[in-house]
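K.L.:
Sending over a structure as structure tokens; questions will come in a sec.
The values are calculated or read from the model by the stated rules, or taken from the named source; none is laboratory data. Note that the coordinates shown come from a computational prediction; the quantities given were computed from them, not determined experimentally. Here the Cβ is made from the backbone with ideal geometry for all residues, glycine too, and neighbour counts use every protein chain on show.
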């Protein structure tokens, strides 16, 4: 038998993916059902969730959930629904993040946009991870969590709300991994580069800064995401931040923003 045969055990494992309606979250959620995993596809947009499920290899294993994770009540509703349809969630992927606009620079970002970016990324990531871990610990089950951070957790992006939210999420992964490790719950980060998907509209000219010579696609992350999520393949990996960027992080390509009139 190959080392990579049967990376999951669908008889006792099930997944929850946020941001599953588009981009990286969609690619990972679709890959999970392709491996036979019952998976909740959670997103803010009904149409994109429906399309993601319909176009997946196993729509029968996918369950939709629609809501705004900036709202604490919606997070509670998601946890309740996931428990109802899946029982114990053993694999959690947090990919949800509000759209980014280049106009939301240091002097352009509003209080509301700042708060929403942190609420969906950091606060939802924390509260969902903690509550899912409580259930796993109570049931004495192993788990595997994967949070999507960014190269801009450590490199300014001219979007302070986004970079600081991802930086907080990056440290949250380490805190969760350290606390949950003794309960056999692994927590890791996937760190995408310039991935032309979801809320990021990539400038093709950016490819000249990438050693592998092209922009990334959501499908570039899904195989590694599954390998890290799998307790059979990556059972001794926790607290890690795995970069998938074609080598983009080898250089800093951003100039300061044009601020215009202040």
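K.L.:
Report the residue count in region 183-213 for those that are over 15 Å from residue 151 (Cβ atoms) and modelled with pLDDT of 90 or more.
P.N.:
Number satisfying all stated conditions: 6.
K.L.:
Sticking with this one: Against the definition (touching a residue at least 12 places away in the same chain (Cβ under 8 Å), in a helix (DSSP H, G or I), within 19 Å of residue 232 (Cα to Cα) and under 16 Å from the mean Cα position of the chain (by Cα)), how does residue 52 come out, yes or no?
P.N.:
No.
K.L.:
Taking the condition of being at pLDDT 95 or above, surrounded by fewer than 24 Cβ atoms within 10 Å (Cβ to Cβ) and touching a helix residue (DSSP H, G or I) at 6+ places or on another chain (Cβ under 9 Å), how many residues in region 11-22 meet it?
P.N.:
Of the residues in region 11-22, 1 are at pLDDT 95 or above, surrounded by fewer than 24 Cβ atoms within 10 Å (Cβ to Cβ) and touching a helix residue (DSSP H, G or I) at 6+ places or on another chain (Cβ under 9 Å).
K.L.:
Okay, next question. Counting only residues that are crowded, with 18+ Cβ neighbours inside 10 Å, touching a helix residue (DSSP H, G or I) at 6+ places or on another chain (Cβ under 7 Å) and either at pLDDT 95 or above or not in a helix (DSSP H, G or I) (or both), how many does region 137-160 have?
P.N.:
Final tally of qualifying residues: 9.
K.L.:
Across region 177-219, what is the number of residues that are in a loop (DSSP other than H, G, I, E, B) and within 16 Å of residue 93 (Cβ to Cβ)?
P.N.:
Residues meeting the conditions: 2.
K.L.:
With 131, 123 as the choices, which residue is out of contact with any helix residue (DSSP H, G or I) (no Cβ under 7 Å at 6 or more places or on another chain), in a helix (DSSP H, G or I) and surrounded by fewer than 24 Cβ atoms within 10 Å (Cβ to Cβ)?
P.N.:
So the residue among 131, 123 that is out of contact with any helix residue (DSSP H, G or I) (no Cβ under 7 Å at 6 or more places or on another chain), in a helix (DSSP H, G or I) and surrounded by fewer than 24 Cβ atoms within 10 Å (Cβ to Cβ) is 123.
K.L.:
So, of the residues in region 97-120 that are part of a loop (DSSP other than H, G, I, E, B) and farther than 10 Å from residue 161 by Cα, which turns out to be farthest from the chain's Cα centre (by Cα)?
P.N.:
Residue satisfying both the conditions and the ranking: 107.
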